[in-house]
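See structure below.
The values are calculated or read from the model by the stated rules, or taken from the named source; none is laboratory data. Since the structure is predicted, the reported quantities are computational estimates derived from the model, not experimental observations. Cβ sites come from the backbone with ideal geometry, for glycine too, and all protein chains shown count toward neighbours. Only protein heavy atoms, including side chains, enter the accessible area calculation; ligands, DNA and RNA are left aside. Shrake-Rupley method; radii C 1.70, N 1.55, O 1.52, S 1.80 Å.
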Amino acid sequence: MGRILFFLILAGVAYIVFKSWQRKQVSGAGGSSSREKVSHNPREVIYPCKHCGAYSPLSEGVMLQGRFYCSADHAKLAGEKMVN
């Protein structure tokens, strides 16, 4: 009877630890990281760069004359005139 109770308690603790770890993985709070954490609006629209084709959020790129570029450098390489 003692062994059964021991293994039931052990299984319960393992279940609680697993669920706690799983919640941390889903929420993105899996520990402190030295990398900079960037928070994006999850509903922000991403566009392909007209120069290289890489997808970037609108807030990180440049929109000129109705065309999206991932950076000002790619806009210049594509021949767009930059207005200051």
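Out of the residues in region 15-37 that are open to solvent by less than 90 Å² (accessible area, probe 1.4 Å) and part of a loop (DSSP other than H, G, I, E, B), which is modelled with the lowest pLDDT?
Ranking the candidates gives G30 first.
Filter region 38-59 down to residues that are touching a strand residue (DSSP E or B) at 6+ places or on another chain (Cβ under 9 Å) and among the polar types (S, T, N, Q) and give me whichever is modelled with the highest pLDDT. Step through it out loud before you land on a result.
Of region 38-59, the ones touching a strand residue (DSSP E or B) at 6+ places or on another chain (Cβ under 9 Å) are 40-41, 44-52, 54-58.
Imposing the further condition that a residue be among the polar types (S, T, N, Q) reduces the set to 41, 56.
On the way: N41: 64, S56: 90.
Among those that are touching a strand residue (DSSP E or B) at 6+ places or on another chain (Cβ under 9 Å) and among the polar types (S, T, N, Q), it is S56.
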